[in-house]
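The values are calculated or read from the model by the stated rules, or taken from the named source; none is laboratory data. In this text the structure is predicted, and so the values were computed from the model without any measurement. Positions of Cβ are generated from backbone atoms using ideal geometry, with glycine treated the same way; all protein chains shown enter the neighbour counts. Quick note on the areas: whole protein, heavy atoms, side chains included, nothing else; ligands and nucleic acids left out. Shrake-Rupley method; radii C 1.70, N 1.55, O 1.52, S 1.80 Å.
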Number of protein chains: 2
Amino acid sequence: MSLLDYFKISKASSAVLAKERLQILVAHERSSRNQPSYLPQLQKELLEVVRKYINVGQDAISVNFEQDDEQETLELNIVLPDIHAKNS
Amino acid sequence: MSLLDYFKISKASSAVLAKERLQILVAHERSSRNQPSYLPQLQKELLEVVRKYINVGQDAISVNFEQDDEQETLELNIVLPDIHAKNS
C-alpha cells in the first residue's frame with residue numbers, strides 16, 4: 001500500500017466532516033541514536049510556514065510525536081477555520 | 001490503521017537500506033475547489049526549512065504531488081547524506 005492510498009482511506013472515513021483539514025507528517029529514519037533530534041525545532045518552523053498560508057490558532061493544531069530506536073515520527077493535524085471556505 | 005502504523009510498516013520494508021531517510025507528507029482536504037492551491041509554494045518553503053537542518057542537494061529529494069476533487073497530497077522523500085551519520 002502506498003502512502004497516498006493511506007490518505008485516500010483516511011479521507012473516505014472522514015468524509016462526513018465538512019471541515020477542511022491539513023495534515024503534515026514527518027518521518028525520520030535514523031541510523032544513529034547519538035545525534036540530537038531536530039524534529040521538535042523542525043515542527044516549530046513547519047508550523048510557522050503553514051501559518052503564512054492559513055490563519056489558525058494553537059487550539060486547531062494537534063501534535064503527535066513518537067520515537068523508537070530507529071525512527072521518529074511527527075504528526076501535525078490542523079483543522080482549518082470555516083472562514084477559509086468562504087469562497088465556496 | 002493509524003498513520004504511525006503505516007510508517008512502521010514502511011520502515012520495516014526499507015530496513016535493508018542503510019541510508020537515513022526523511023519523509024514529509026502533506027495532505028490537504030479541501031471543501032472547495034475554487035481556491036488556488038498553495039501546496040506548491042508550501043512545498044518550496046518546507047524544503048527551505050528542512051535544508052536548515054540537513055545538507056542535501058536537489059538530487060536527493062523526490063517529490064510526488066497528487067490531486068483529486070477533494071484532496072491534494074504532497075510527498076517529499078529525502079535521502080540523507082552518509083556524512084550525516086558520521087557520529088555513529
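Right, B:Glu48: more than 12 Å from the chain's Cα centre (by Cα) and outside any helix (DSSP H, G or I) or not?
Taking the combined requirement at face value, the residue does not satisfy it.
Among the residues of the range A:31-40, are any within 14 Å of the chain's Cα centre (by Cα), more than 8 Å from chain B (Cβ to nearest Cβ) and either at pLDDT 90 or above or open to solvent by less than 70 Å² (accessible area, probe 1.4 Å) (or both)?
Yes, that holds for at least one residue.
Looking at the range A:57-81, which of its residues are at pLDDT below 90 and of a type in the set (Gly, Ala, Ser)?
A:Gly57
Find all pairs meeting these conditions: Cβ atoms under 6 angstrom apart; at least six residues apart or on different chains; first residue within the range A:65-88 and at positive phi; second residue part of a loop (DSSP other than H, G, I, E, B) and modelled with pLDDT under 65.
Matching pairs, first to second residue: none at all.
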